[in-house]
């Protein structure tokens, strides 16, 4: 039986070590560890894994843009998106990124392994916690995520700001002017009725984006 190859995209070194140990005896090999989105893209130019475990907490090129690139250029490689879901309504825009599976960062090892095996078998998977949150938001009177009011670019900007990146860093990464980034930031705060960046960070944490 051939060993499955997983590319782990996660900036947390403790998570990298944990997943390596977890998968060691299961005929699953972590072929590469990447902490930045740019590293993920570079790795796929060299070799194509059987699955990518992608954390929203990536450094550099954010997970949203990385997932879009993967969906466009490597549509046959399944992506398991790991959110830091904090209990708020799950942003439905994350469902449009092309990932075939969704688990929260605090999901159990057993459920994470179920998700990995499901995607390796060609199936899709949504963890129980996220599935319940989505279902409840669809019921009459259910609470949608306020982040669904944002455009894809606005979601990208709010994620990077919440990770502590400056407008100058974001403008360089996205090839946009600092003034454009500031305009997006102002627009996001208006749409979501946020007073400052601290409130922005709290909101993105509650909704699983950091």
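Values quoted throughout were computed directly from the atomic coordinates according to the rules given, and no laboratory measurement underlies them. Every value quoted in this text rests on a predicted model; they were computed, and no experiment measured them. Cβ coordinates were reconstructed from backbone atoms using ideal geometry, including for glycine residues, and neighbour counts include every protein chain displayed.
Below is a table of values for the structure above.
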{"item": "Cα-Cα P(r), the stretch 39-87, percent of pairs per 5 Å interval", "result": "5, 20, 34, 26, 10, 4, 2, 0"}
{"item": "Tilt relative to the chain, helix 128-138 - C-alpha long axis, 0 to 90 degrees, to 10", "result": "40"}
{"item": "Tilt relative to the chain, helix 152-162 - C-alpha long axis, 0 to 90 degrees, to 10", "result": "90"}
{"item": "Residue of 48, 183, 83 that the Gaussian network model of the chain assigns the largest fluctuation, springs spanning Cα pairs under 10 Å", "result": "183"}
{"item": "Calculated diffusion of the stretch 17-56, Stokes-Einstein form, Kirkwood radius summed over Cα pairs, 37 °C and 0.692 mPa s, µm²/s", "result": "295"}
{"item": "In nm, spacing of pseudo-spin labels at residue 190 and residue 71 (7 Å Cα→C-beta vector)", "result": "2.7"}
{"item": "Sorted by Cβ neighbour density within 10 Å, fewest at the top, the residues 96, 165", "result": "96, 165"}
{"item": "Relative counts (whole %) of C-alpha pair distances in the stretch 115-183, using bins that are 5 Å wide", "result": "3, 14, 16, 12, 12, 13, 15, 12, 3, 0"}
{"item": "Exposure proxy ranking, count of Cβ atoms within 10 Å, fewest first, for 163, 207, 186, 69", "result": "186, 69, 163, 207"}
{"item": "Two-decimal Rg/Rh across the stretch 150-210, once Rg and the Kirkwood Rh are taken from alpha-carbon atoms", "result": "0.93"}
{"item": "Neighbour-count ranking [beta-carbon atoms within 10 angstrom, fewest first] of 34, 128, 201", "result": "128, 201, 34"}
{"item": "Of 33, 117, 18, the one that fluctuates the most in a GNM where the chain has Cα springs shorter than 10 Å", "result": "18"}
{"item": "Solution diffusion estimate, µm²/s, Stokes-Einstein, the stretch 1-80, Kirkwood Rh from C-alpha pairs, 25 °C, viscosity 0.890 mPa s", "result": "196"}
{"item": "Share of Cα-Cα pairs in the stretch 11-145 lying beyond 28 Å, as whole percent", "result": "14"}
{"item": "On Cα atoms only, tilt of 63-73 relative to the major axis of the chain in degrees", "result": "60"}
{"item": "Bridge type composition, the chain - antiparallel percent by DSSP, nearest 5", "result": "10"}
{"item": "Distance from the stretch 1-21 to the stretch 118-147 (C-alpha centre basis), Å", "result": "25"}
